[in-house]
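Trainee: Take a look at this one; I'll ask things after.
The values are calculated or read from the model by the stated rules, or taken from the named source; none is laboratory data. Note that the structure is predicted; figures quoted are calculated from it, not measured. Counting neighbours? That spans all protein chains shown, and the Cβs are built from the backbone with ideal geometry, glycine included. When the accessible area is computed, the model is the full protein with side chains, heavy atoms only, and any ligands, DNA or RNA have been set aside. Shrake-Rupley method; radii C 1.70, N 1.55, O 1.52, S 1.80 Å.
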Amino acid sequence: MNHELDFPAGIWEAFARSRPPVRCSPGYLIYLQDTEATCFYFLKSGKVKSFIQSEDGAERVLNLYAAGSLFGEASFFDGLPRVSSAVAVVPCEIVPIDRELVSQEFAKKPELALAMVKYLARTVRLLSGQVDQMAFRPARWRVANYLLTLTGRDGAVSCTQEDIAAAVSVSRVTVSRVLGEFARRGWVEPGYRTVSLLAPEKLKEIM
């Protein structure tokens, strides 16, 4: 989720200055659920999806990360196996961040360590909110919240209806119905693999 809005712009770029990025094609699997987390990542460009998969192959999207984001950090810091997988959605540039690099940057910029603690705490809060919305919130609320959380500076969310359905735990048919309602009201404009928010203030009224 877009929980970096109140962090200074470009704060995580310090991790990317001393190492070249790794280029990933769409569909490239960056890490796998249940594997050891020897590093986490700074997303220099592109878009990455994190998801969990059940034993029967069912998939649920957890997050869509935009350029400037960190991802995969929770398992890196707690030392336990990864709880999710991550895949490149579009061509990406990612910078792996290992313990050596973390130690170097934290030593040079102690305020970066404090920002990381805040970032991790925010992640826990948002995951708790996801549990709440799955258990108690109606479909209109879930879809509106998803769109508002992930909208970019251009007012658009890059996703498919399947992405939204997996992320908010409703069927694709339900997502289609809700987006159709929002579009008829002039609040959103669905496109190819994107949803543009025309009246975000109206979506906020649902919350």
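Trainee: Note down the net charge around LEU179, summing +1 for each Lys or Arg and -1 for each Asp or Glu among other residues with Cβ under 14 Å from its Cβ.
Mentor: Values: positive: ARG140, ARG142, ARG172, ARG177, ARG184, ARG185, ARG193, LYS202; negative: GLU162, ASP163, GLU181, GLU189.
Spelling it out: positives minus negatives among the neighbours equals +4.
Trainee: While we're looking at this one, here's another question. Say the cut-off is 25 Å between C-alpha atoms; which of LYS49/LYS118; LYS44/LYS109; LYS44/LYS204 go over it?
Mentor: Working: LYS49/LYS118 22 Å; LYS44/LYS109 20 Å; LYS44/LYS204 30 Å.
Exceeds cut-off: LYS44/LYS204.
Trainee: Per-residue HN-Hα couplings for the stretch 190-198, Karplus 6.51 cos²θ - 1.76 cosθ + 1.60 at θ = phi - 60°, whole Hz, x for Gly and Pro?
Mentor: For the stretch 190-198, the Karplus-derived couplings read x, x, 6, 6, 7, 9, 9, 8, 8 Hz, x marking Gly and Pro.
Trainee: Nearest 10 degrees, 0 to 90: what angle lies between the long axis of helix 99-108 and the longest principal axis of the chain (Cα atoms)?
Mentor: For 99-108 against the chain, the angle is about 80 degrees.
Trainee: May I pose another question? Springs between alpha-carbon pairs under 10 angstrom, Gaussian network model over the chain: which of ALA58, ALA113, ALA139 fluctuates most?
Mentor: In this elastic network of the chain, the residue with the biggest mean-square fluctuation among ALA58, ALA113, ALA139 is ALA58.
Trainee: Give me the net charge of SER85's neighbourhood, meaning all other residues with Cβ under 12 Å from the Cβ of SER85; Lys, Arg count +1, Asp, Glu -1. Could you put the intermediate results ahead of the total?
Mentor: Details: positive: LYS49, ARG60, ARG82; negative: ASP34, GLU59.
The answer is +1.
Trainee: Oh, and also: Using a Gaussian network model on the chain with a 10 Å cutoff between Cα atoms, which of GLU100, GLU59, GLU13 fluctuates the most?
Mentor: Highest fluctuation among the options: GLU100.
Trainee: On to the next question. State the answer as a single residue: which of LEU101, VAL170, SER54 lies farthest towards the positive end of the charge dipole of the chain, with beta carbon charges of +1 for Lys and Arg and -1 for Asp and Glu, about the Cα centre.
Mentor: Working it through, the farthest residue towards the positive pole turns out to be VAL170.
Trainee: Based on DSSP loop calls and a cut-off of at most 12 other Cβ atoms within 10 Å, the longest stretch of the chain free of exposed trypsin sites (Lys or Arg not before Pro) is what? Walk me through the numbers before you get to the answer.
Mentor: On the way: sites that count: ARG17, ARG153, ARG185.
It works out to 18-152.
Trainee: Please state the charge dipole magnitude for the stretch 134-207, taken about the Cα centre, from unit charges on C-beta atoms (+1 on K and R, -1 on D and E), reported in debye and rounded to the nearest 20. The partial results should precede the final answer.
Mentor: Numbers: 11 positive and 7 negative charges, 38 e Å.
The calculated dipole for the stretch 134-207 is roughly 180 debye.
Trainee: Divide by every residue of the chain the summed helix terms, -39500 (n - 2.57) for each DSSP H run of at least 4, and state the resulting mean residue ellipticity at 222 nm, rounded to the nearest 500 deg cm²/dmol. Walk me through the numbers on the way to the answer.
Mentor: On the way: 7 runs with 83 residues, N = 207.
The per-residue figure over the chain is -12500 deg cm²/dmol.
Trainee: Scan around LYS47 for amide H atoms under 5 Å from its own, H built in the peptide plane at 1.01 Å from N, and keep only partners 5 or more places away or cross-chain.
Mentor: VAL89, VAL90
Trainee: Can you compute the modelled spin-label distance between TYR28 and GLU111, with each label point 7 Å from Cα toward Cβ, in nm?
Mentor: About 3.3 nm, to one decimal.
Trainee: Would you please give the residues with an amide H less than 5 Å from that of THR151, counting only those at least 5 places away or on a separate chain, with H modeled from the backbone geometry?
Mentor: So THR151 has HN proximity to no qualifying residue.
Trainee: In whole Hz, what ³J(HN,Hα) sequence does the stretch 88-97 give by Karplus (6.51, -1.76, 1.60; θ = phi - 60°), x for Gly and Pro?
Mentor: Result, rounded to whole Hz: 6, 8, 10, x, 10, 10, 10, 10, x, 10.
Trainee: Residue by residue through the stretch 27-43, which ³J(HN,Hα) values in whole Hz follow from phi under the Karplus form 6.51 cos²θ - 1.76 cosθ + 1.60 (θ = phi - 60°), with glycine and proline marked x?
Mentor: Each residue of the stretch 27-43 in turn: x, 5, 7, 7, 8, 10, 3, 6, 9, 6, 9, 7, 7, 10, 9, 9, 8 Hz.
Trainee: Working with all protein chains in place, sort ASP98, ASP34 by solvent-accessible area computed with a 1.4 Å probe, largest first. Numbers along the way, then the final one.
Mentor: On the way: ASP98 50, ASP34 115 Å².
Heavy-atom accessible area, descending, gives ASP34, ASP98.
Trainee: Once R0 is set to 30 Å, what does the formula 1/(1 + (r/R0)^6) return for the Cβ-Cβ distance between ALA183 and LYS118, expressed as a FRET efficiency to the nearest 0.05? Numbers along the way, then the final one.
Mentor: Values: r = 37 Å, r/R0 = 1.23.
About 0.25, to the nearest 0.05.
Trainee: Collect residues whose amide H, placed 1.01 Å from N in the peptide plane, falls under 5 Å from the amide H of ASN63; neighbours closer than 5 in sequence don't count.
Mentor: SER50
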